[in-house]
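A short write-up of the structure that comes next.
The values are calculated or read from the model by the stated rules, or taken from the named source; none is laboratory data. Predicted model, so just to flag it, every value in this text is computed and none were measured. Here the Cβ is made from the backbone with ideal geometry for all residues, glycine too, and neighbour counts use every protein chain on show. For the accessible areas, the whole protein counts, side chains as well, though only heavy atoms, and no ligand, DNA or RNA atoms are used. Shrake-Rupley method; radii C 1.70, N 1.55, O 1.52, S 1.80 Å.
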Amino acid sequence: MESSRFPCPFRWARSLGVAALLTSLPAIGATACTSADPASAPPAFPTGAERDTEVKHEACDMAAANAQRFDVNGDGKPDMTRVPDAAGRELCRVLDLNFDGAIDVFVYYDPAGRERRRESDYDRDGRADEIVNSRDGAVFLKERETNFDDKLDTWDYYEGGRLVRRERDSDGDGLVDQWWAFNDPTDDRCALVATDRNVDGKPDPETVLDLCAEARAKQAATPPRPQAPAPRPSGAAPLPTAPAPMPPGGAPIAPQPGGASPR
């Protein structure tokens, strides 16, 4: 899903790694990826940030003669419909998850029977709000509509099952104006976020925000907690051993049985 038009900072993110990304993003202003002066006139279109924002539904023939319908709650209406091909392989599935008679989810399958696409309607308006695209059973792209205008505005990219970057059209004008790089594999809430303020299709380096910078600074400034002393072994402490008597020659003499001293 890589595009030749994808902004430079995130090509850097993949090639240099997290540590280099943290130090390199502020210096992008000196590179060819620098956004133009925010006070200047917007550049001529296209900028390369244009996106197809249409929420596209993939056909699933739930009225097919060979469709298999299931009424889970016994209300006389199908809550799940499976649509197979002529050989019986399932092509797609239609789900009414909350039993209200409206379709909530369309699921589509590849020839191996693995899920390849899922369209979900979360606000019950009959239109998909999220489209999840999978390859070989693994998610690689989520397309979402988040502001109730029936247009896609957020694109999440996954690698190895982990969210690694996001592109957003935050103002609904059909142009990507935010780029997110999720730079902490242990916390998917952490990201570097760059914004395009002058509508030239490129992130403005001075806008880069580290969402977890404050938390990291607090963690670095917090002194380590003192360690508790090791617990003492249970039971009474052993009695000290009396030293062996010393003869005139200086060599120790072993105690005799019964406690008698040697003569």
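All other residues with a Cβ under 9 Å from the Cβ of Cys190 taken together, and with Lys, Arg as +1 and Asp, Glu as -1, what is their net charge?
Details: positive: Arg189, Arg216; negative: Asp184, Asp187, Asp188, Asp210.
So the environment of Cys190 carries a net charge of -2.
Accessible area, 1.4 Å probe, largest first: how do Tyr158, Tyr108, Tyr122 sort?
Listed by decreasing accessible area, they come as Tyr122, Tyr158, Tyr108.
Give me the number: length gained by fully extending Glu159 to Phe70, i.e. 0.36 nm times residue separation minus the C-alpha to C-alpha distance, one decimal in nm.
Result for the pair: 28.5 nm of gain on full extension.
Under a crude label model (7 Å from the Cα following the beta-carbon direction), how far is Asn147 from Asn98 in nanometres?
Modelled inter-label distance: 2.4 nm.
Could you give the length gained on full extension between Arg225 and Ala59, defined as 0.36 nm per residue of separation minus the Cα-Cα distance, in nm?
Gain on stretching Arg225 to Ala59: 53.8 nm.
Can you pull the accessible area of Val176 for me, 1.4 Å probe, Å² to the nearest 10?
10
Can you bin the range 170-220 into rounded, prolate or oblate? Criterion: square roots of the alpha carbon gyration tensor eigenvalues sorted a ≥ b ≥ c, rounded for a/c under 1.5, prolate for a/b above b/c, oblate for the rest.
Taking the square roots of the gyration eigenvalues as a ≥ b ≥ c, the range 170-220 is prolate.
Taking the Cβ of Thr222 as the center, what net charge do the other residues with Cβ under 14 Å away carry, scoring Lys and Arg +1 and Asp and Glu -1?
+2
What ranking of Arg89, Arg232 comes out by heavy-atom accessible area, probe 1.4 Å, highest first?
Arg232, Arg89
With a/c under 1.5 counting as rounded, go ahead and sort the range 100-206 into rounded, prolate or oblate using the C-alpha gyration tensor (a ≥ b ≥ c being the square roots of the eigenvalues; past the cut-off, prolate if a/b is larger than b/c, else oblate).
oblate
Among the aspartates and glutamates, which have Cα under 14 Å from the Cα of Lys202 when same-chain residues fewer than 8 positions away are ignored?
Within reach: Asp37, Glu50, Glu167, Asp169, Asp177.
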